[in-house]
Amino acid sequence: MDKIIIEGGNRLIGEVEVSGAKNAVLPLMAASLLVEDWNTITNVPRLKDIETFKVLLGHLGSEIIHDPESGVLKIRTRSVKTPEAPYDLVKTMRASILVLGPLVSRFKVARVSLPGGCAIGARPVDLHIKGLKKMGADIRIDHGYVTVRAERLKGAKIYLDTTTVTGTENLMLAAVHADGATVIENAALEPEVVCLADALNRMGARIRGAGTDTIRIDGVTELKPVEVRVIPDRIEAGTFMVAAAMTKGNVFIKDCPYNHLDSLNMKLKEAGAQILEEEGGVRVLGDYPVRSVDVKTIPYPGFPTDMQAQMMSMMCTAGGLSVITETVFENRFMHVGELQRMGADITIDGRCAIVRGVRALSGAPLMATDLRASASLILAGLVAEGRTEVSRIYHLDRGYERIEEKLKGLGAKIERQRA
C-alpha cells in the first residue's frame with residue numbers, strides 16, 4: 001500500500017495550477033447517458049474516481065476514449081443496453097448514484113446499487129428517490145438495489161428536505177426529458193450544479209435558476225452532444241491556499257476559482273494570511289503566528305465541509321483557541337485522532353472540535369480515513385517537526401491529482417513511497 005512521506009518545516013513558495021473539479025466531472029459523465037453520440041469533456045483530472053466512473057459507464061455499454069495527458073474525455077452511449085449499476089462498481093463511490101436519473105429518463109428503467117464512498121457519515125439517497133416518485137416513477141428497494149421504472153417521467157414540484165448536491169443533480173438529469181416543468185426547491189447552490197446546468201442547456205435542455213435555491217427544468221424531447229470544459233476544483237484550490245497560509249508561504253495558485261471560495265477567503269484573512277487577486281489566479285502569503293479562528297461548516301456558499309479538516313490542521317499550531325463546528329456530516333472528525341498523535345490539543349464535544357494551538361506538531365506514522373482527512377494529515381506533516389508517514393492514501397487519489405508532485409514543486413519535502 002502506497003504511503004506519503006513528509007519532512008516538515010519548509011515554506012511553500014512558487015506557482016501551482018488547479019486541476020479540473022472531480023465533483024463537476026462526474027455529473028457531466030452521467031449526463032452523457034442522455035444522448036447517443038459523442039460528448040467531449042475537457043480539463044478532466046487524473047483521479048481514481050474518474051477511472052471508477054469510466055468503468056461503470058463501460059459496464060453499461062458506453063464507448064470511452066480518454067487521453068489523461070491532455071485531460072480530454074469522450075463518451076458515446078449509443079450502445080448502452082444494460083441500465084444496471086452493480087454493487088461491485090458502485091460500492092467505492094457514492095457519486096455512482098448519478099446514473100439513476102439519466103438511465104430512467106432514457107431507458108424507462110434503472111437498477112442501481114445503493115452507493116458507498118468515504119465513511120464520513122450518513123448520506124442517504126432517499127431524497128433522490130422521493131423526487132423521482134414525485135415525477136411518477138415506481139420505486140422498489142430490495143437486496144441493496146433501488147429499481148426505478150417510469151414509462152415517462154412527469155414534471156413535478158419537488159422540495160428537498162435537506163440541501164443535497166447529488167440529489168439536485170440527479171433530479172435535474174431525470175427532469176430534462178420529463179413531460180412538463182419540474183421545479184426543485186431548496187436546491188443545492190454549488191458551482192458544480194451550475195456547471196452541470198450550463199452543460200445541459202448547451203445540449204438543448206431548458207434549465208433556469210441554477211445557483212439559486214429554486215431550479216426550474218422544462219422538459220425537452222431531444223438533446224445534442226456538446227464539448228464542455230470542467231471548472232477548476234475549488235476544494236483543491238482551497239487546500240493549497242491553506243497550505244500556503246500555514247507554512248508562512250508565498251504561493252501563486254493558477255486558475256484559482258476565487259469567487260467560489262468567499263467563506264474560506266474570509267477565514268484565512270482573519271487568521272492572518274494575505275490573499276491577493278492577480279491576473280490568472282490568486283497569491284496567498286502566510287503570516288506568523290497564525291491566529292485562531294472559529295469555523296462552522298454549512299452548505300454553499302457557507303464554509304465547505306470539504307475544507308473543515310484542512311482548516312483544523314492549520315488551527316493546530318495557531319495562537320489561541322478555535323472552535324470548529326461540523327453541521328453537514330456527523331462523522332467527519334475521524335482525522336482528529338491522527339492529529340492528536342502528532343501532539344495536537346483537540347477536544348471533541350458533539351459536533352464541535354475545540355482546538356488549542358500548540359507550539360509545534362511532531363511527525364508521526366498516520367493513517368488516512370477519508371479523502372479530505374488525507375489532505376489534512378499531509379498539511380499537518382508540512383509544518384510538523386520531523387518525519388510524517390501517511391498511509392492508506394488511496395483515499396487521497398480519489399480526489400487530488402498528483403498532490404505530492406504539486407507540493408514538491410512548491411518546495412515541500414514530500415515523496416510517494418510505492419508499496
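The values are calculated or read from the model by the stated rules, or taken from the named source; none is laboratory data. The structure presented is a predicted model; accordingly, all values stated were derived computationally and were not measured. Quick reminder, even Gly has a Cβ in these numbers, built from the backbone with ideal geometry, and neighbours come from all protein chains shown.
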#### Entry: Residues satisfying the stated conditions in segment 362-382, i.e. surrounded by fewer than 24 Cβ atoms within 10 Å (Cβ to Cβ) and within 20 Å of Tyr288 (Cβ to Cβ)
Ser362, Gly363
### Query
Taking segment 189-204 on its own, how many of its residues are part of a loop (DSSP other than H, G, I, E, B) and surrounded by 24 or more Cβ atoms within 10 Å (Cβ to Cβ)?
1
### Task
Would you check if Leu26 is in contact with a helix residue (DSSP H, G or I) (Cβ under 6 Å, 6 or more places away or on another chain) and part of a helix (DSSP H, G or I)?
yes
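Quick grid of which residues meet (1) assigned to a helix (DSSP H, G or I); (2) more than 23 Å from Ile13 (Cα to Cα); (3) among the hydrophobic types (A, V, I, L, M, F, W, C); (4) in the same structural domain as Val290 (by TED's automatic domain parsing):
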residue: Arg332; (1), (2), (3), (4): no, yes, no, yes
residue: Gly337; (1), (2), (3), (4): yes, yes, no, yes
residue: Ser374; (1), (2), (3), (4): yes, no, no, yes
residue: Ile378; (1), (2), (3), (4): yes, no, yes, yes
residue: Gly381; (1), (2), (3), (4): yes, no, no, yes
residue: Thr388; (1), (2), (3), (4): no, no, no, yes
residue: Ile393; (1), (2), (3), (4): no, yes, yes, yes
residue: Asp397; (1), (2), (3), (4): yes, yes, no, yes
residue: Tyr400; (1), (2), (3), (4): no, no, no, yes
### Query
Can you pull out the residues in segment 299-321 that are part of a loop (DSSP other than H, G, I, E, B) and either hydroxyl-bearing (Ser, Thr, Tyr) or within 15 Å of Asn265 (Cα to Cα) (or both)?
Tyr300, Pro301, Gly302, Pro304, Thr317
### Task
Could you check, for segment 148-169, whether at least one of its residues is in a helix (DSSP H, G or I), of a type outside the set (Val, Ile, Thr) and within 23 Å of the chain's Cα centre (by Cα)?
yes
### Residues of segment 52-81 satisfying the condition of being over 11 Å from Met29 (Cβ atoms) and among the hydroxyl-bearing types (Ser, Thr, Tyr)
Ser70, Ser79
### Task
Report, by residue number, each residue of segment 211-222 that is crowded, with 19+ Cβ neighbours inside 10 Å and either at pLDDT below 95 or closer than 18 Å to Met29 by Cβ (or both).
none
### Message
Residues that are under 28 Å from Asp370 (Cα atoms), modelled with pLDDT of 90 or more and either in the same structural domain as Leu34 (by TED's automatic domain parsing) or in contact with a Lys or Arg (Cβ under 9 Å, 6 or more places away or on another chain) (or both): does segment 129-151 have at least one?
### Response
yes
